[in-house]
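Asker: Here's a structure for you.
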Amino acid sequence: MTEQPSLRDQKIIVGKSKTADDDSNLAQKLMDIFKLDAPEQVIGEYPAWFLQTVLLSGYLYVTQKHICFFAYLPKNTGTISKSGYLGKRGLHNPRYKRYYVELKGDVLRYYEDPAKIYMPSGQIDLRLGVSASLEGDKTKTKEHSVYVKLLTKQREYWFRADSPQSARDWVKQFQRVIFRTHNEGDSVKILLPIENIIDIEETKFLDVSDTIKLRVIDNDETYAVDEYFFSFFGFGPEAIRVLTVMVEGNEFHQSKLEERDKLTVPVQESVRNTLLSPTEDPHSQRSSFESRRSSVEVRGRSPSSSTPRRESRSPSYPPEAVTESQILNSSDVFRPTKHVIRSRSPSVDVRRRESTKSPSHSRPIPIHTASSSTLDNVLRAGSYPITRATDLAGIIRSGSRRLSTQITTQSIGYFEKLSGMWNAPTRHYGPVEGMPADDDDPSGLGEIDSEFHSSRFQEHFALPDSEQLIATYFSFFWRVLPLYGKIYISQNYFCFRSLLPGTRTKLVLPITDIESVTKKKSSYRPGYHGLVMTIRGHEEIFFDFAKLDARDDCTITSILAMESLKVHPQRPSNAKASAAIAEFQALREGRRDGKSEHDLKLPARIDTGGSDTTPILFDDPRASILNFKPTEPLNITCLTIGSRGDVQPYIALAKGLMADGHRVKIATHSEFEPWIRKHGIDFAPVSGDPGELMRICIQYGMFTVSFLKEAHGKFRGWLDELLISAWEACQGTDLLIESPSAMAGIHIAEALQIPYFRAFTMPWTRTRAYPHAFAVPSHKQGGGYNYITYVIIDGVFWKGIAGHVNRWRRKLLNLPATSLDKMQPNKVPFLYNFSPSVVAPPLDYSDWIRITGYWFLDEAGGYKPPKDLVAFMDKAKADGKKLVYIGFGSILVEDPEAMTKTVVEAVLKADVRCILAKGWSDRIASSSTSSTATKPVDTKTSIATKAVEPTKPEIPLPSDIFPIKSIPHDWLFPKMDAVAHHGGSGTTGASLRAGVPTVAKPFFGDQFFFGQRIEDLGVGIHLKKLNSTMFARALWTATRDERMREKAFQLGEKIRSEDGVSTAINAIYRDLEYARSLIKRHDRSGNTPEDIEEHWTFVEADSLTDLSASVYDLGHQHGIVRSESD
């Protein structure tokens, strides 16, 4: 026999970087983590990659008696791994139905409508996954197949991808998730006794790595041989040399091998690892893992676990000799070979002995599927308490016979138990902060098994095992019709499940996505009690409760759960995750104490990271960074009309574009020319008087009969001048960015054949998430109402200008007449300059619609406040008084003196000090000052660079109020305790960025929308009426409500972290080619190409003369257009 190198000869080389104390420290940590009997000297430690169906990064530790591998593998349940469209074959229908599919955490959910991400059509729990593979068909091999087979312990699923590459990507993602779920806890730990290692050999896997294969005897029961593959991208030769010395040069181990050649002897220690076979019976004893290690116990898979949930999840499998190397044995990525040594031990089960008669290179043991549920399962389900009777349907569905057969042939009292749901009480299963758990079961059924109900809840919605159920309620969920079912509230989710036979509706809503929960009367069912939930970027959802107490209890529990998550946003998932983090940190500290020189080294084509970073799953990534910035500078025109607040964002955007090398011009009203040129921006004049529009909006109300008549008479000549001057201002432009209120941009871009973007301060794109900013209802009406407000206002708006625009197109632009369906404004790329934290992007927005963040123009840098203002603020602080700002812009009011009196009384009642900007006193609505009223006014912000000047009040102001004319908001607002204003977009953004509570009293236009958003977010108060009592109460609450102040502070931090201008510029670059493609699709004949999808159904104005009346009637029917009597 060839002489092997001795361990003594190599030990000095291997251990040269450690001292005895350092080595003992790491040895102690390894003993604690891997549950060794005693500390063992650490011979070497190396960054290594474990090869299974994936390549997993970790550390390999070589001790005197063991080889230990550790990898930290956190499960990110909130991360979307992959999403897209797949065809899914039904259980009984062989046809493939197309779904939007989302792989998030361990769950695959599929949706008929991708905008309804909280209501999946179905879900697949990959924690029950066995394998994922490509499957060929009659015409294609596996390599070119678009069919994916996903095998779970419950059933087999088939999917059809759009391309072979997409199918391969989905298979890889499924394999990754299944690998994670088969690992116990959030770490992978493998312990290989050196005396169990039969041999070690180098193998070839990647050209850039050194890979070894260890053949190891699993245990003394079956003598099954597992193969473990480890790759080293650095220090490979040294690691292989040390392992070779330990395995082949150990005299004790060598003698053991010689004895095994003669007679099989019991192995003293079993291989232990945290990877579970997908076919393992959760109630059978593991042969290769000791369940005493609580930090790595998997959900219910340890012998001590016996929760009913795992019974339903994990069918019983024959106790075959299945070991760790068979995980995902159907994988096409990597399939290790299984060897079995025939055992002479009399303790080995006969079935196991028979299964070992295959040759040494036998195929993997086949996976046996579970038999169908027998009648005993059904009868056992029938013995459940009445409140669990609805679960019977799921048990029967999992059986071999159809539901109808079971019900007609077995007497199980199904309908009798189902009828008990209707009067079931509210239940609390666990405490939520601020509300204790119930002491008694009100149903009289005995003590509530919270663990059982939590597991059933997790089963229904495929949620993590750490998700604890808090309370349940029976209610009606409003879809098209009220749908009876059960509400579940847990630590992190608000869920609903329909209970009526034949329905499958589910709602899985993260509590962090809920903005507000409010009580209301049922809109459609007298005697019922309603609840409305406002959800980020989604339409409101409505519930009806038969009992008032249940509705109130559900409201309080939901709000407390929301508040709890805001206080503890990073709640640890479970004890296993915490234990895995502790072990990972302990080993990292042990390596640092030992001053290890072995750092993780990766080849250039693999994502690199530090040695202690979270392990990555290898997948040969193909990523690239694209630069969309145009190679040549562009001539850009920003076209807008309106008040100072409408112009200001464009100044901020223009400065950002100019800093990127482009030439920018702002086309707007002449009165803003000095302000624009002061910032070094070119200017072009545009005609029109939007101040007159504001006047009739306030005087007559939005979209009343008088408003429509007045606007039609006033704006005929003004609109013609606006269109002509806008065309002249946009000459020589390469890119046009327009506020849709200017009305001319889309036609000018078509005539000039240039790309066109829209940008606005309020929602203008059709969505079910929010109503149109000009049609905000007093009470939430739901997604249908929200969407129709855009349809009606689009129709009214276009009808009012269609004749002028089409005449202008024919005479000046040389273009044919057009209509809404031909223009297709819904296809235009859109930039919204408000924060996504304030108005979350609706889920039904297209990809070319971006909510970028506010375009702030900070002007506080050179501002010097007057001394008397500073003294007033210092005195308020010294007196311990709250300081508020009140300013409603230059609005028009019939009685300015009465309004000032209301404000003064409210300030005194609220016991606050006030800085007052009384713009309303400068515009008195009378015939003598009508010329003043027609000037453009600031309805959104009141920023100016002029010195602060005291106003001349109509009534004397008390010493608690300091009057000002104008002041930079970015200087003043952060110094306030609360801000009260009219709710314009710009002023709302400034107050929210300051992180202080906001009181909004809207007067017209988009102000009502942003006032409602302030209230929904819980960062302020939306005043619908203005009187001294209500205003005083609002000021008192805004300055003293700590919950509101904390929410405002957190929102301010989010807004301050955003860079809206940079985001908008990057969006312009990214969507520029798309915008150019839209312009190319327009032709001068006015015909729309057939390949453009039509979403607009309005007819041309010339073909239907009574369109105006029809649209008005529809709007009045839905409460959007109002008569004066309304």
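The values are calculated or read from the model by the stated rules, or taken from the named source; none is laboratory data. Given the structure is predicted, the values throughout are model-derived calculations rather than measurements. Neighbour counts run over all protein chains shown; Cβ positions are idealised from the backbone, glycine included.
Asker: If a residue has to be of a type outside the set (Gly, Ala, Ser), in contact (Cβ under 8 Å) with a residue 60 or more places away in the chain and either assigned to a loop (DSSP other than H, G, I, E, B) or buried (at least 18 other Cβ atoms within 10 Å of the Cβ) (or both) to count, how many in region 448-458 make the cut? Break it down into steps so the answer makes sense when it comes.
Answerer: Narrowing region 448-458 to residues of a type outside the set (Gly, Ala, Ser): 448-449, 451-453, 456-458.
From the residues that got through so far, the ones that are in contact (Cβ under 8 Å) with a residue 60 or more places away in the chain too are 451-452, 456, 458.
Of the ones still in play, those that are also either assigned to a loop (DSSP other than H, G, I, E, B) or buried (at least 18 other Cβ atoms within 10 Å of the Cβ) (or both) are 456, 458.
Within region 448-458, residues that are of a type outside the set (Gly, Ala, Ser), in contact (Cβ under 8 Å) with a residue 60 or more places away in the chain and either assigned to a loop (DSSP other than H, G, I, E, B) or buried (at least 18 other Cβ atoms within 10 Å of the Cβ) (or both) number 2.
A quick yes/no check of all residues on (1) buried (at least 20 other Cβ atoms within 10 Å of the Cβ); (2) over 27 Å from residue 106 (Cα atoms); (3) in contact (Cβ under 8 Å) with a residue 24 or more places away in the chain; (4) out of contact with any helix residue (DSSP H, G or I) (no Cβ under 9 Å at 6 or more places or on another chain):
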site	(1), (2), (3), (4)
461	yes, no, yes, yes
465	no, no, yes, no
472	yes, no, yes, no
488	yes, no, yes, no
502	no, yes, no, yes
514	yes, no, yes, no
544	yes, yes, yes, no
553	no, yes, yes, yes
562	no, no, yes, no
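Asker: Then there is this: Here's a check for you: in region 471-511, which residue that is basic (Lys, Arg) and part of a strand (DSSP E or B) is nearest to residue 529 (Cα to Cα)?
Answerer: Let us first name the residues in region 471-511 that are basic (Lys, Arg), namely 479, 486, 497, 504, 506.
Now restrict to residues that are part of a strand (DSSP E or B): 486, 497, 506.
Details: 486: 16, 497: 19, 506: 21 Å.
Among those residues, the one meeting the criterion is 486.
Asker: Note down all Cβ pairs under 8 Å where the first residue falls in region 1000-1015 and is closer than 14 Å to residue 763 by Cα and not assigned by TED's automatic domain parsing to the domain that holds residue 1044, the second is buried (at least 23 other Cβ atoms within 10 Å of the Cβ) and among the basic types (Lys, Arg), and they're at least six residues apart or on different chains.
Answerer: From residues that are closer than 14 Å to residue 763 by Cα and not assigned by TED's automatic domain parsing to the domain that holds residue 1044, there are no pairs.
Asker: Additional query: State all residues of region 173-225 that are closer than 20 Å to residue 71 by Cβ, part of a strand (DSSP E or B) and modelled with pLDDT under 85; if no residue qualifies, say none.
Answerer: Once the filter is applied, which keeps residues that are closer than 20 Å to residue 71 by Cβ, part of a strand (DSSP E or B) and modelled with pLDDT under 85, region 173-225 yields 183, 187, 188.
Asker: Does residue 1064 satisfy the condition of being closer than 19 Å to residue 987 by Cα, of a type in the set (A, V, I, L, M, F, W, C) and either part of a loop (DSSP other than H, G, I, E, B) or at pLDDT 95 or above (or both)?
Answerer: Numbers: closer than 19 Å to residue 987 by Cα: no; of a type in the set (A, V, I, L, M, F, W, C): yes; either part of a loop (DSSP other than H, G, I, E, B) or at pLDDT 95 or above (or both): yes.
No: the conditions fail for residue 1064.
Asker: While we're here: Inspect region 822-842 for any residue being farther than 23 Å from residue 740 by Cβ and surrounded by fewer than 17 Cβ atoms within 10 Å (Cβ to Cβ) and give the result as yes or no. Walk me through how you get there before you give the answer.
Answerer: Keep residues of region 822-842 that are farther than 23 Å from residue 740 by Cβ, which gives 837.
Remaining after also requiring surrounded by fewer than 17 Cβ atoms within 10 Å (Cβ to Cβ): none.
No, that holds for no residue.
Asker: Looking at region 974-988, which of its residues are crowded, with 24+ Cβ neighbours inside 10 Å and outside any loop (DSSP other than H, G, I, E, B)?
Answerer: 978, 979, 980, 981, 985, 986, 987, 988
Asker: Taking the criterion of being at positive phi and in contact (Cβ under 8 Å) with a residue 24 or more places away in the chain, would at least one residue in region 129-137 satisfy it? I'd like the intermediate steps shown before the answer.
Answerer: If we filter region 129-137 for residues that are at positive phi, which is where we start, we get none.
Looking for residues that are at positive phi and in contact (Cβ under 8 Å) with a residue 24 or more places away in the chain, one finds none in region 129-137, hence no.
Asker: Give region 155-190 a look and list any residue that's touching a helix residue (DSSP H, G or I) at 6+ places or on another chain (Cβ under 8 Å) and buried (at least 23 other Cβ atoms within 10 Å of the Cβ), or say none.
Answerer: 159, 174, 177, 178, 184, 185, 186, 187, 189
Asker: Tally time: how many residues in region 132-152 are touching a Lys or Arg at 6+ places or on another chain (Cβ under 8 Å) and buried (at least 21 other Cβ atoms within 10 Å of the Cβ)? Don't jump to the end; show me each part of the working.
Answerer: Initially, region 132-152 is screened for residues touching a Lys or Arg at 6+ places or on another chain (Cβ under 8 Å), giving 132-136, 146-148.
In the following step, the residues that additionally are buried (at least 21 other Cβ atoms within 10 Å of the Cβ) were identified as 132, 134, 146, 148.
Selection size over region 132-152: 4.
Asker: Filter region 101-158 for residues that are farther than 19 Å from residue 181 by Cα, of a type outside the set (D, E, K, R) and assigned to a loop (DSSP other than H, G, I, E, B) and give the result.
Answerer: Filtering region 101-158 for residues farther than 19 Å from residue 181 by Cα gives 101, 110-122, 134-148, 158.
Next cut, of a type outside the set (D, E, K, R) only: 101, 110-111, 114-115, 117-122, 134, 136, 139, 141, 144-148, 158.
The answer is 114, 115, 117, 118, 119, 120, 121, 136, 139, 141, 145, 146.
Asker: Only residues that are touching a residue at least 40 places away in the same chain (Cβ under 8 Å), in a strand (DSSP E or B) and among the aliphatic types (A, V, I, L, M): list them for region 60-100, please.
Answerer: Scanning region 60-100 gives 60, 62, 67, 71, 86.
Asker: Search region 989-1005 for residues being within 27 Å of the chain's Cα centre (by Cα) and over 18 Å from residue 1057 (Cα atoms), and hand back the single one that is surrounded by the fewest Cβ atoms within 10 Å (Cβ to Cβ).
Answerer: Initial filter on region 989-1005 (within 27 Å of the chain's Cα centre (by Cα)): 989-998.
If we keep only those that are over 18 Å from residue 1057 (Cα atoms) as well, we get 997-998.
Details: 997: 31, 998: 29.
Checked region 989-1005; the qualifying residue surrounded by the fewest Cβ atoms within 10 Å (Cβ to Cβ) is 998.
Asker: Say whether the condition of being buried (at least 19 other Cβ atoms within 10 Å of the Cβ), free of Cβ contacts under 8 Å to residues at least 24 places away in the same chain and within 21 Å of the chain's Cα centre (by Cα) is met by at least one residue in region 112-121.
Answerer: No, region 112-121 contains no residue that is buried (at least 19 other Cβ atoms within 10 Å of the Cβ), free of Cβ contacts under 8 Å to residues at least 24 places away in the same chain and within 21 Å of the chain's Cα centre (by Cα).
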